[in-house]
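Every read-out reported here was derived from the displayed coordinates using simple, explicitly stated rules and does not represent laboratory data. Being a predicted model, the structure only gives us computed values, none of them experimental. Methodologically, a virtual Cβ is constructed for each residue, glycine included, from the backbone with ideal geometry; neighbour enumeration extends over all protein chains shown.
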Amino acid sequence: MSVRFDGQVAIVTGAGNGLGKSHALELARRGARVVVNDLGGARDGSGGSLTAAQQVVAEIEGFGGEAIANGANVTDYAEVEAMVEAAVEKWGRVDILVNNAGILRDKSFAKMEIDDFRLVMEVHLMGSVNCTKAVWELMRKQNYGRIVMTTSSSGLYGNFGQSNYGAAKMALVGLMNTLYLEGEKYGIKINCLSPTARTRMTEDIIPDPKVLDLMTPESVTAGLLALVAEAAPNRYILGAGAGSFACARIVETEGVYLAPEQQTPEAVLADLDTISDGDQQKELFGGLNQTVKFVQKAAKALDVELD
Ligand code: NAI
């Protein structure tokens, strides 16, 4: 079954360059009408112009697709609201939101200015919050929506010099976890994409051209399109790069119950191996599940009847 987006409207933020551009082009090739959003700034977020977005729109129109350029700064809620209004005015709906816009301000934490931490959080986390909030009510009313947060292996696993970026990227996973619970009954599916690709963001970090040649943005876009398709999964963290695809998940081990007299830091340290034993580890869909599991273990050990 081929994945098509005919009749659907997509907003892709940061679509003037790199991955966002590749996502926007392929969505349009497969029938979506696309808002190509880009502030048009430098990699560190400075400056701005609509040219990059306009060039992508011209490319889309060149193969007969439909697109509009938009220069909203995703950190500015009023500009983001106006972007969504423009899409609705032109096409009547928004089916897909790809939160992709991003910047880097890398430095070791010791040398990082608080303002560089804040700005990176603002663009990645609040930018995604702003765009998601601006389409949320619309998607609830439509009873349909597909939203992707662009996370990163730097957030999931850490990366030297990227405490700001990693914190923001992992925050997006937390955002997804709750929006999944709140959006499910309205037909809204939320997923995270963890890409790795040759763009201006990575070109000087990975200097080997042979490696970069394998890391095409288009290979990542295949994963992104799967996450916004009608048949998309929900609450999935898809790693995608150089043609490989993997699923990242947060799991919790079964854990151990310690009797009241053993509820001490010494006993916890002594039991770390058993606590982290992965044999029966599971994904938990909602924070309360952890509380229920712990309370049930205690009740069983202490022979307490629960209702
Ligand atoms: P890129 O620098 O080529 O593209 C990012 C785009 O976002 C730029 O066109 C920029 O103008 C735009 N942008 C930045 N701030 C904006 C704002 N406030 N409002 C609107 N647009 C804004 O970078 P790339 O590599 O394509 O990154 C896309 C996303 O993928 C980012 O969220 C990035 O963090 C993420 N990512 C990329 C990886 C890679 O290997 N390239 C690895 C992991 C995550």
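Some observations on this one:
- Close amide H partners of Val12, meaning residues 5 or more places away or on another chain with modelled amide H under 5 Å apart, are Val35, Asn37, Val98.
- J(HN,Hα) series, region 198-208, from Karplus relation 6.51 cos²θ - 1.76 cosθ + 1.60, nearest Hz, glycine and proline x: 6, 8, 5, 6, 10, 4, 8, 7, 10, x, 6
- Taking amide H atoms as placed 1.01 Å from N in the peptide plane, the amide H of Lys189 lies under 5 Å from those of Gly145, Arg146, Ile147, each 5 or more residues away in sequence or on another chain.
- Distance between the pseudo-spin-label points of Tyr257 and Asp213 (7 Å out from Cα toward the beta carbon): 6.0 nm.
- In terms of other Cβ atoms within 10 Å, Lys189, Lys210 run from fewest to most in the order Lys210, Lys189.
- Between Val3, Asn159, Leu212, the Cα set farthest toward the positive side of the dipole of the chain (charges on each charged residue's Cβ, about the Cα centre) is that of Val3.
- Think of it as helices only: each DSSP H run of n ≥ 4 in the chain is worth -39500 (n - 2.57), and spread over all residues that comes to -13000 deg cm²/dmol at 222 nm.
- Basic side chains Lys and Arg get +1 at the Cβ, acidic Asp and Glu get -1 at the Cβ, and with that the dipole of region 9-248 about its Cα centre reaches some 540 debye.
- Among beta bridges identified by DSSP and lying wholly in the chain, the antiparallel ones come to about 20 percent.
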